[in-house]
1. Please give the peptides 119-129, 92-102 ranked by average Cβ packing (other Cβ atoms within 10 Å per residue), highest first, as a rough proxy for protection.
2. Tally Lys and Arg at +1 and Asp and Glu at -1 over the other residues with C-beta under 14 Å from the C-beta of Glu67: what net charge comes out?
3. Can you give the angle from 0 to 90° between the axis of helix 163-191 and the longest principal axis of the chain, with both taken from C-alpha atoms, to the nearest 10?
4. If you stretched the chain out fully between Arg42 and Leu267, how much longer would it get, using 0.36 nm times the residue separation minus the C-alpha to C-alpha distance?
5. Roughly how tilted is helix 255-276, in degrees to the nearest 10 and between 0 and 90, from the longest Cα axis of the chain?
6. Show the residues, 5+ positions off or on another chain, whose built amide H is closer than 5 Å to the amide H of Ile159.
7. Mind giving me the FRET efficiency for Thr49 and Thr193? R0 is 30 Å, r the Cβ-Cβ distance, nearest 0.05 is fine.
8. Please find the FRET efficiency linking Val59 to Lys226, where r is the Cβ-Cβ separation and R0 is fixed at 22 Å, and quote it to the nearest 0.05.
Amino acid sequence: MKSPGPDAASPAWAEAAALSPEPNRAAAFVRQCLALAEMELRKLRHDPTELATRAIQPVLWLAIFGEVFSRIRAIPTTGRLPYLDFLAPGVLAQSVLFIGIFYGIAVIWERDLGVVHKLLVSPAPRIALVLGKALSGGVRGLSQGVAVYLLAWFLGVGINWRPLALAGVALAILLGAATFSTFSLIIACIVRTRERFMGIGQVLTMPLFFASNAVYPIAIMPKWLKVAAHLNPLTYEVDAMRALMVRGGSSIFGLGLDFTVLLAVTLAMAAVASRLYANLVR
């Protein structure tokens with residue numbers, strides 16, 4: 001007897017069906033990850049107002065905080081980089097952080113709607129589900145990157161428009177969003193309720209942001225904060241963006257180390273999240 005199941009025409013069932021196995025394992029793995037990212041594009045297409053509301057925070061940081069501190073010259077920057085140019089990559093990284101760190105609440109919503117159950121019974125390995133979620137967080141980060149670039153250009157920031165620099169920033173956004181999306185997924189798997197998750201997410205965002213080089217250089221930090229900044233993945237994301245996004249920007253740690261740290265943290269977080277993912281339905 002054929003077991004009952006969801007309607008094959010429903011979007012959730014179609015998404016689970018997209019994760020079916022293929023003869024070529026590598027191709028199947030990539031296809032499974034892309035299927036999850038395509039889900040995110042579909043959500044953005046159905047709710048484009050989210051992009052506009054997320055752009056409010058970068059406007060406040062660049063147009064108000066950045067402009068004021070550019071005039072008073074209270075914060076030194078590396079080289080002769082204007083403070084607004086110094087701040088723009090940090091604001092972009094902050095936007096990616098906020099998108100990633102609160103991504104777990106969407107996963108809890110999916111659990112409540114039954115989508116997570118369907119994904120877990122699909123043939124796709126859990127690591128593919130987690131990396132697909134991380135990639136979908138990167139899709140949201142890229143959309144935010146476009147908004148920050150346009151705002152920074154309007155305010156007179158010296159944007160580096162070279163194709164390789166733009167590609168490097170896009171890669172930093174993807175890795176940064178993946179890092180904090182998988183971290184957020186771990187938190188969601190542990191707390192499993194929206195109320196607890198929102199409280200923890202709000203507690204984590206500001207320390208991660210201010211314990212980085214997003215709004216001031218590491219050189220002026222006290223020693224204990226320098227240690228925290230060096231352990232913070234956001235510091236390496238900002239460092240890479242600052243070298244690639246603006247003319248005259250430079251990397252303190254080197255782009256190789258920046259991307260290596262982001263990739264290593266993402267893979268470590270994904271490995272932990274894949275083990276905890278089933279906790280959402282228990």
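Read the figures in this text as sums done on the coordinates, not as results from a lab. In this text the structure is predicted, and so the values were computed from the model without any measurement. Please note: Cβ atoms are built from the backbone with ideal geometry, for glycine as well, and neighbour counts cover all protein chains shown.
1. So the peptides 119-129, 92-102, ranked by packing, come out 92-102, 119-129.
2. Here the charged neighbours net out to +1.
3. The answer is roughly 60 degrees.
4. Once the chain is fully extended between Arg42 and Leu267, it gains 78.4 nm.
5. Compared with the principal axis, the helix lies near 30 degrees.
6. Arg247
7. 0.70
8. Efficiency, from the Cβ-Cβ distance: 0.15.
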